[in-house]
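Colleague: I have a structure I would like to understand better, so I am pasting it below and will then ask my questions one at a time.
The values are calculated or read from the model by the stated rules, or taken from the named source; none is laboratory data. As the structure is a computational prediction, the values presented were derived from the model and not from experiment. Quick reminder, even Gly has a Cβ in these numbers, built from the backbone with ideal geometry, and neighbours come from all protein chains shown. Ligands, DNA and RNA are stripped out before the accessible areas are found, and what is left, the full protein with its side chains, is counted by its heavy atoms. Shrake-Rupley method; radii C 1.70, N 1.55, O 1.52, S 1.80 Å.
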2 protein chains.
Amino acid sequence: MDVRATDITMKSAALAFAERLHAAPDKRLARFMGELLTDFADLADRMDMSRDELQAAIGFLTEVGEACSERRQEWVLLADVLGLTSAFERRHARLPDEATPNTLAGPFYRPGAPRRADKESICLDGKGTPLVFTARLRSSDGGPVSAARIEVWHANGDGVYENQAPDMQPEFNLRGTYTSGPDGTVRIFTIRPRGYRIPDDGPVGRLLRQLGLPATRPAHLQFRISASGYRTLITHVFDRSDPAIAADPLFAVDPALLADFTATPDGGVACSFTFILARDEHHRKQT
Amino acid sequence: MDVRATDITMKSAALAFAERLHAAPDKRLARFMGELLTDFADLADRMDMSRDELQAAIGFLTEVGEACSERRQEWVLLADVLGLTSAFERRHARLPDEATPNTLAGPFYRPGAPRRADKESICLDGKGTPLVFTARLRSSDGGPVSAARIEVWHANGDGVYENQAPDMQPEFNLRGTYTSGPDGTVRIFTIRPRGYRIPDDGPVGRLLRQLGLPATRPAHLQFRISASGYRTLITHVFDRSDPAIAADPLFAVDPALLADFTATPDGGVACSFTFILARDEHHRKQT
């Protein structure tokens, strides 16, 4: 008694699906869905995926959906931990080689952080190890970038952002908006940030554990830097000495984004970092 | 000014992800996720998928999740309309070539439909075109299968199942449990079913429209047939003359599942269909 199951491939089913797409109004979506399904079917054939495994996949998608709320976007978290958000950002930023890389913005940015003068502190609760962060802004074609708007935000010494714990930290703690001086420099007085666990109490966290992947991000500060004639830069600056530096769960670490936090005689730390901004070609053509 | 974007592929990001999976507790899941992500990244590179398109994909997944409720499983519907449910069923049923193919069970099955005698009707509201459906049960190695339990369920002449419209149809309308006679035959008195639209008012329905795919299933009866010593068969019998027969949105149509509904002198229709049941090899070895 021959069993025909070996003759029936998932691939053949995917091709049957793709054959129906010839009249699709959205040709690009049709190509994407046709090829995505064919690739998935190929994989299901290679691994001889079972019906139980299809059910498990549907169960996982269902749980990710259920984990979403007004305060939580588990799909974005899933795209982040798969490295997709960072990869799309890098591929499409289309920056010149010498420019500081863009990264994902993450969920903790808030617009409208208070204006601060050079050397003014953004640490409003006095907690943590003092950090003097010197930001130097340079153009990708040479020279300082003055009068740039520099927004900074970061977690505190416990790895918690101000908007994650509004009752525990003052409004806009560890957030500020600076302006670079004529030499393209600004000194940000703040405290040393600590890394933190991404929200891993949902289905994405369970997936990370099943895959043996870490959930702790290395310590970093985040920046949004805009200046007339330049592409807006959204990026991280990472603490090179953080043990988690080799395996950021969000894949945002880049060799060009590592900085040294060095001890100072007063018990604090100092860090300086040079941001290379890319000229806005579109802007240059217009002006 | 060189732009490095062309050097940055999604594929390289996916490989960086896969490299982290060496210590995964769940090796099979790790292989699946690593290869799935690599395939997806290859596709994103081939199509030069944009950040907006990644956002749109995340938006679609979010909406599918939001469309789910206690009464609706939009993920299962998505797997169904992509042909995955039917394909997994066919590949894994592992039936002998001559046996009647298994299909997906669908969401409308109810256990415990009333027992009916040969020639007894399951149409409880008297509405519709009378149908005499003769079911002949044969073994894949020859001979009739008697004393089999045959559960049947189908939509009414408006394409609506009894449990979709509990206020409009009597309880267990067009559902029944028969037993095959000594010759392996039973006659089911009912009415001719009509096809129906799958629930297409959600994100999956919108996807179907974007892809130019139909939402109307061809008319059919569904069966669950169990008999001692045989594999339980869950399947559809389709009306070959239905205009939607060439493009079932759920991909359950198989040449071996087509039947002719022929007019009878009394204004009704008649249909006969031979179900070929596969021997239960496991059962046979045990006994």
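Colleague: Just one of (1) under 22 Å from B:G157 (Cα atoms); (2) away from every other protein chain (no Cβ under 14 Å); (3) touching a strand residue (DSSP E or B) at 6+ places or on another chain (Cβ under 8 Å); (4) modelled with pLDDT of 95 or more trips up B:V186, so point out which.
Modeller: (1)
Colleague: Among the residues of segment A:182-193, which ones are assigned to a loop (DSSP other than H, G, I, E, B) and either open to solvent by less than 20 Å² (accessible area, probe 1.4 Å) or under 24 Å from A:P107 (Cβ atoms) (or both)?
Modeller: Passing the criteria: A:G184, A:R192, A:P193.
Colleague: Ok, one more. Report yes if B:V81 is open to solvent by less than 20 Å² (accessible area, probe 1.4 Å) and either in contact (Cβ under 8 Å) with a residue 60 or more places away in the chain or more than 22 Å from A:L84 (Cα to Cα) (or both), otherwise no.
Modeller: yes
Colleague: Then there's this: Given (1) buried (at least 19 other Cβ atoms within 10 Å of the Cβ); (2) under 25 Å from B:A278 (Cα atoms), where does B:G112 come up short, assuming only one miss?
Modeller: Condition not satisfied by B:G112: (1).
Colleague: Looking at segment B:10-25, is at least one residue more than 18 Å from A:W75 (Cα to Cα) and within 33 Å of the chain's Cα centre (by Cα)?
Modeller: Among the residues of segment B:10-25, not one is more than 18 Å from A:W75 (Cα to Cα) and within 33 Å of the chain's Cα centre (by Cα), which makes the answer no.
Colleague: Further question: Scan segment A:139-159 and tell me whether some residue there is within 28 Å of B:E19 (Cβ to Cβ) and open to solvent by less than 30 Å² (accessible area, probe 1.4 Å).
Modeller: yes
Colleague: Under the condition of being open to solvent by 70 Å² or more (accessible area, probe 1.4 Å) and under 24 Å from the mean Cα position of the chain (by Cα), which residue from segment A:129-138 is farthest from the other protein chains (Cβ to nearest Cβ)?
Modeller: Ranking the candidates gives A:R136 first.
Colleague: Can I ask one more? Do we find a residue being facing chain A (nearest Cβ under 9 Å), within 29 Å of A:F88 (Cβ to Cβ) and open to solvent by 60 Å² or more (accessible area, probe 1.4 Å) anywhere in segment B:64-74?
Modeller: Checked segment B:64-74: at least one residue is facing chain A (nearest Cβ under 9 Å), within 29 Å of A:F88 (Cβ to Cβ) and open to solvent by 60 Å² or more (accessible area, probe 1.4 Å).
Colleague: Out of A:H22, A:H92, report the one residue that is surrounded by fewer than 21 Cβ atoms within 10 Å (Cβ to Cβ), free of Cβ contacts under 8 Å to residues at least 24 places away in the same chain and more than 7 Å from chain B (Cβ to nearest Cβ).
Modeller: Selected residue: A:H22, the only one of A:H22, A:H92 that is surrounded by fewer than 21 Cβ atoms within 10 Å (Cβ to Cβ), free of Cβ contacts under 8 Å to residues at least 24 places away in the same chain and more than 7 Å from chain B (Cβ to nearest Cβ).
Colleague: Can you pull out the residues in segment B:146-181 that are assigned to a loop (DSSP other than H, G, I, E, B) and farther than 22 Å from B:A270 by Cβ?
Modeller: Those that are assigned to a loop (DSSP other than H, G, I, E, B) and farther than 22 Å from B:A270 by Cβ: B:S146, B:A147, B:V160, B:Y161, B:A165, B:P166, B:D167, B:M168, B:Q169, B:P170, B:E171, B:F172.
Colleague: Answer yes or no as to whether A:G126 is assigned by TED's automatic domain parsing to the domain that holds A:T232, over 23 Å from the mean Cα position of the chain (by Cα) and small (G, A, S).
Modeller: Yes; evaluated as a whole, the condition is true for this residue.
Colleague: Is there a residue being among the charged types (D, E, K, R) and in contact with a Ser or Thr (Cβ under 7 Å, 6 or more places away or on another chain) anywhere in segment A:229-239?
Modeller: no
Colleague: Can you pull out the helices (runs of 4 or more DSSP H) entirely within segment B:48-102 that have at least 2 residues that are farther than 30 Å from B:D141 by Cβ?
Modeller: The qualifying helices (runs of 4 or more DSSP H) are B:51-67, B:74-81.
Colleague: Out of the residues in segment A:194-219 that are open to solvent by 20 Å² or more (accessible area, probe 1.4 Å) and charged (D, E, K, R), which is farthest from the other protein chains (Cβ to nearest Cβ)?
Modeller: A:R194
Per-residue answers, yes or no, for (1) hydrophobic (A, V, I, L, M, F, W, C); (2) farther than 20 Å from A:S226 by Cα:
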site: A:F88; (1), (2): yes, yes
site: A:T100; (1), (2): no, no
site: A:P130; (1), (2): no, yes
site: A:T134; (1), (2): no, no
site: A:G143; (1), (2): no, no
site: A:P166; (1), (2): no, yes
site: A:L174; (1), (2): yes, no
site: A:T177; (1), (2): no, no
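Colleague: Mind checking which residues of segment B:25-52 are of a type outside the set (A, V, I, L, M), crowded, with 16+ Cβ neighbours inside 10 Å and facing chain A (nearest Cβ under 8 Å)?
Modeller: Passing the criteria: B:R31, B:F32, B:E35, B:D39, B:F40, B:D42.
Colleague: Here's another thing I want to ask about it. If we scan segment B:235-247, do we find a residue that is exposed (fewer than 13 other Cβ atoms within 10 Å of the Cβ), outside any loop (DSSP other than H, G, I, E, B) and in the same structural domain as B:I198 (by TED's automatic domain parsing)?
Modeller: yes
Colleague: Confirm whether A:T274 is of a type in the set (V, I, T) and within 17 Å of the chain's Cα centre (by Cα).
Modeller: No, not satisfied.
Colleague: Limited to segment B:95-107, what total is found for residues that are closer than 19 Å to B:G195 by Cα and open to solvent by less than 30 Å² (accessible area, probe 1.4 Å)?
Modeller: 2
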